[in-house]
Amino acid sequence: MASNDAHNLVEPGINLNAPTCPNREQRAHGINVYYGQASQLLIDAREGKLQAKDRDFQQTSGCALNFYLAVRLNTIRDAAVIYHAPVGCSASSLGYRELYRHVPVSLGRPENYDLHWITTNIQENDVVYGAGNKLRYAIREAERRYSPKAIFILTSCTSGVIGEDIEGAVNELQPYIDARIVPVHCEGVRSRLVQTGYDAFWHGVLKYLVKKPEKKQKDLVNVASMLSYTWQDRLEIKRILGKIGLRPNFVPEFASVDQFEQLSEAAVTAPLCPTYTDYLSKGLEQEYGVPYFLYPSPMGIRNTDEWLRKIGEFTGKESEVELVIEEEHKVWQPKIDALREQFLKLKGKGEKLTVLGSLGQGRLLAQLPFFDEIGLSSPAAMSQDFDNLILDEVEQLIGTVGDFKILVNTFQAAEQAHVTRQLDPDIALTCPFQGCSFKREKGLTRIHSLRADAHPRSTQSGYAGAVACASFLLQSWTSKSFQKTMLAKTRDSYKDWWYKQPDPLHYLKREV
Amino acid sequence: MAAVIEERPEDVIYPEVMEAPRYSCALAGAYSTAVGIYGVVPILHSGLGCGIGQLFGQFYAGGQNAGGPQGGTSTPCSGLVEEHVIFGGEDKLRRLIKSSIELMQGDLYAVLSGCVPSLTGDDIESVVKEFREQAPIIYVKTAGFLGNSYEGYELFFEAVIDQLLNKLPIKKGLVNIFGVVPYQHIWWKGNLRAIKEDLQKLGLDVNIIFTEFSGLENLIKIPAAELNIVLSPWNGQRVAKKLEEKFGTPFITLPGVPVGPKQTTRLIQEVSQALNLPTEPVDELIAREERHSYRFEEYFGDVMILAFPQPYFSVVADAGTAVGIAQFLTNEVGYLPDKVIIDDGTPEENREEILRELKENLECVVKPEVIFDEDSHRIRENLKKGNSLVLLASSLEGPIASEFGCVIHVTVSFPSYNRLILDHNYAGYRGGLRLMEDIVSKYCGPL
């Protein structure tokens, strides 16, 4: 059996001499189009049959820059971000001053902080004559204005297509600039997969920002935490790790630059979202010997147990971990059992509610076992993308929860609406990026939260998160008035025939 | 410490290198305009992130609005990647248009092409022409680097005029409204409705184009109008001029969407003069509407005087919004204008008129400092030098308003992440009342 690390499935190693990472297609045969049984997907992947096929109908879904990086990178607290791009590529960064202001200072948000980003605002004449001097100006202006510790340069389709020499500008200016300059190659055209943006970012972090360890910090656990997981998730992880004498180092969002510099000193890199953390974890091990694991994520009781045990192994805290697990189970397991019982009563006759989640690869692995734990069944799941980095884990997942149908697509709203209607799950876990598929008769709620949602209700990680998340799902079942009203009273985006034909991948380009 | 930098050719100052300018790109503006017209299906010929980037950065930023049934992730997009940069994206576009017409409910399909096909030289016109027989379809070349969101609005309508509109007999009493840019002007939906309701009282047939179910019909009847009304000192001017050239439709320009009785009366008077409406019923209408509005203003007299009479205020907004709010607060409620910062990139040639409105048409000995700037860093530095109790600005200023000594911050301009704006607006006779509700509610309480 081929494992995730088999060379023909995943590019081995990380080459920090290169300006950037390979894209996910090259690195791990990443795809974002598939519909079938997960077991078959696994076979196809291992046989190297996954192909990034084109669709004749496609909807806007995000690029390496404009899905994640443009929204959140600006929250690194003592850094500045430069978009080397036309003005529209950074519009999704306009929430920077407000994004995490809802997090109360009493919950650990620093009272005073100031975030900064600049656009080089590439214009028509720059396209003709080049925008290199503008970039140089922007770097120096960022230094003058903000005295940041790091300056991230985020590239764009336009800077890429016109052939801007980013490394040239960085190498030339770095001796004159106090801030560490970190180029991130996130040109949208370089990949069909938004995850390439994660790898490109971590490549820049590993190459330019992480320092050689001055000392090893045996109690430090790296956790790459995107804040579509919540502030409460961070607090919960901090609480549990604190009980065993460990400290989380949460990067990148809302971190300070020194937290990146210290990534090399940690005892272990632990996942929240494995697909997000993958490149960082492997790079830190390769360059600085920081061990890592990618599975499981701390979602649900059993996964959290295992997550802690893995951390225990790497930090020599095995016995402390067992004590904490025992203690936590006493508090939380009865609550989970009670919630499970309530879920099982809803349909009666031992029938489980079905749930259809629109998940990233990471959440796919983390949440299906959790749904199983609380008495929900997931006969199908949607995943933003899929690549060979998670094959062993998917096999393990099928072993745990049984086989399931999987639709792989990155926010292809028409396909998601089709599958949601076809499978008609009791609860659809959507995110707002699914067009009209929220209009339905049955249950509906969200997965991701806005603005790092600091309310305990939105916790998903750890033990407290398992209980909060189960309650959250249960609550979603109590009213369907919004989605029902919208279904009845507004027009759908698509013509009727779409739902009458059987194939969500109707527009898959067949001839290859 | 880094080495001291020597003078270099790039020491040239690039003023367009800015922190957080308060708009998106030309593609975003054309996309917003398309989505604002019901039944238009935008088809993005661009990278995959262009649509979702504008969902976050233009639609959500424009008052936390979703994109509707054809916007956001529902929007078809060709998703150009490296192979299309090398081999061209025309075939991809052709397949996408075909499938979009098959699948998406809509009345008009609008291909909006972004930076990548502009750089690679895709022949969009030829591809679009292949579909002219199948469905109403237009294309708009809106490479992001061509300009900002406001530019995208003009580009969209220029394409509509060139590719969709035909001369029609003039329909008496029909007027079109231009200059309100969907999402970018965060009050667009409510403003248009309020203006329509006020102008309808003159017996006019008011074509606001956006928000109504008859989107395509509204576009097609544009050439039948007797008059075009531009409610902005610069947005929509190019559209109105082009319509005048092509169809002979005269137009009038107001400095912004009118806020409160005085400005609305000015609109009513200018429109009725342009259309030669009989004066007596117009005067009666004005008297009736003003009486009503001022009767309601009496209700806020106590709390306003108790809370903060004659406060200095500053505005950070697009030109039209800034003029409307500054004139209302100064001329009708005795507020003192401190700084008016216009953040929409108003072209040089339109600035003089705005300055005139903000000096001569403010009935106050205190005249504001008027600043044209789009750089959020410089705007912040400027506000720090100010002296305002009340700040009418964007949600960017929310978290830092106390830096400027402001007690009150109300979001009135783009971006507006901290206000959900559906129907709310400050337009028309009663718009000033709503503005005062928003300002005073931030401060009032028990005696």
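Hey, what D do you get for segment B:174-274 in µm²/s if you plug the Kirkwood alpha-carbon radius into Stokes-Einstein at 25 °C and 0.890 mPa s? Intermediate results must be reported in sequence, preceding the final value.
Values: Rh = 13.5 Å.
Once the numbers are plugged in, D ends up at 182 µm²/s.
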Using every pair of alpha-carbon atoms in chain B, split the distances into 20 Å bins beginning at 0 and state the percent of pairs per bin, rounded to integers. 25, 54, 20, 1
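Give me the percent relative contact order of segment B:305-447, please, defined on Cα pairs under 8 angstrom at least 6 residues apart. Before the final figure, lay out the partial values.
Details: 230 pairs, mean separation 33.6, N = 143.
Worked out over segment B:305-447, it gives 23 percent.
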With a bin width of 5 angstrom, please list the P(r) values of segment A:206-276 as percents of all Cα-Cα pairs, from the 0 bin to the one holding the largest distance. 4, 17, 27, 27, 18, 6, 1
Full extension between residue A:403 and residue A:176 adds, at 0.36 nm per residue less the Cα distance, a length in nm of 76.0 nm
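At a Förster radius of 45 Å, what calculated FRET efficiency corresponds to the Cβ-Cβ distance of residue B:369 and residue B:279, to the nearest 0.05?
Numbers: r = 39 Å, r/R0 = 0.86.
Given R0 = 45 Å and the Cβ-Cβ separation, E is 0.70.
When DSSP assigns beta bridges and you keep just the ones with both residues in the protein assembly as shown, what percent turn out antiparallel, to the nearest 5? Please report the intermediate quantities before stating the final value.
Details: 12 of 97 bridges.
The answer is about 10 percent antiparallel.
What GluC sites (Glu not before Pro) in segment A:60-143 are in a loop by DSSP, with at most 13 other Cβ atoms within 10 Å of the Cβ? Intermediate results must be reported in sequence, preceding the final value.
On the way: sites: A:98, A:111, A:124, A:141, A:143; in loops: A:98, A:111.
Passing both the DSSP loop test and the Cβ count: A:111.
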Placing one identical point scatterer on every Cα of the protein assembly as shown and ignoring solvent, what is log10 I(q)/I(0) from the Debye formula at q = 0.09 Å⁻¹? -0.99
Taking the Cα atoms of segment B:291-441 alone, what are Rg (to one decimal) and Dmax (as a whole number) in Å? 14.6, 43
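Exposure proxy check: B:328, A:371, B:300 ranked by fewest other beta carbons within 10 Å?
Ranking B:328, A:371, B:300 by Cβ neighbours within 10 Å, fewest first, gives B:300, B:328, A:371.
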What's the FRET efficiency of residue B:171 with residue A:489 using the Cβ-Cβ distance as r and R₀ = 35 Å, to the nearest 0.05? 0.60
Spatial separation of Cα centroids for segment A:277-318 and segment B:59-125, in angstrom: 41 Å
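Rank the residues A:154, B:164, A:389 as a footprinting-exposure proxy: fewest other Cβ atoms within 10 Å of their Cβ go first.
Numbers: A:154 32, B:164 17, A:389 24.
Sorted ascending by nearby Cβ count, the order is B:164, A:389, A:154.
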Per residue of chain B, what 222 nm ellipticity follows from adding -39500 (n - 2.57) for every DSSP H run with n ≥ 4, rounded to the nearest 500? -12500 deg cm²/dmol
222 nm [θ] for chain A, helices only, -39500 (n - 2.57) per DSSP H run of 4+, per residue, to 500? -12000 deg cm²/dmol
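Let me know the longest stretch in chain B that avoids all GluC sites (Glu not before Pro) found in a DSSP loop with at most 11 other C-beta atoms within 10 Å.
Details: sites that count: B:6, B:7, B:133, B:360, B:363.
With a cap of 11 other Cβ atoms within 10 Å, the longest stretch comes to B:134-359.
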Quick one: if you stick a label point 7 Å off each Cα along the C-beta vector at residue A:44 and residue A:351, how many nm between them? 3.1 nm
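How do A:155, B:411 line up, fewest other C-beta atoms within 10 Å first? Could the numbers behind the result be given before it?
Numbers: A:155 26, B:411 23.
Fewest-to-most Cβ neighbours within 10 Å comes out as B:411, A:155.
Taking K and R as +1 and D and E as -1, what net charge do the other residues with C-beta under 12 Å from the C-beta of residue A:325 add up to? Could the numbers behind the result be given before it?
Numbers: positive: A:243, A:302, A:309, A:317, A:330; negative: A:305, A:306, A:318, A:320, A:322, A:326, A:327, A:328.
Here the charged neighbours net out to -3.
May I have the convex hull volume per residue, in Å³, for the Cα set of chain A? Mind dumping the intermediate values first?
Numbers: hull volume 80.6 nm³, N = 512.
Output value, Cα hull per residue: 157 Å³.
Could you sort out which of A:212/A:243; A:53/A:509; A:310/A:335; A:53/B:141 sit more than 18 Å apart by Cα distance in this structure?
Details: A:212/A:243 29 Å; A:53/A:509 7 Å; A:310/A:335 25 Å; A:53/B:141 28 Å.
Correct reply: A:212/A:243; A:310/A:335; A:53/B:141.
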Quick check: Cα centre of segment B:210-252 to Cα centre of segment A:62-82, how many Å? 39 Å
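Give the percent of DSSP beta bridges with both residues in chain A that are antiparallel, rounded to the nearest 5. All intermediate terms of the calculation are to be shown ahead of the outcome.
On the way: 7 of 50 bridges.
Around 15 percent antiparallel, to the nearest 5.
Any read-out appearing in this document is the output of simple, stated calculations on the displayed coordinates, not a laboratory observation. Here the structure is a predicted model, which is why all the values come from computation and not from measurement. Cβ atoms come from the backbone with ideal geometry, glycine included; neighbour counts cover every protein chain shown.
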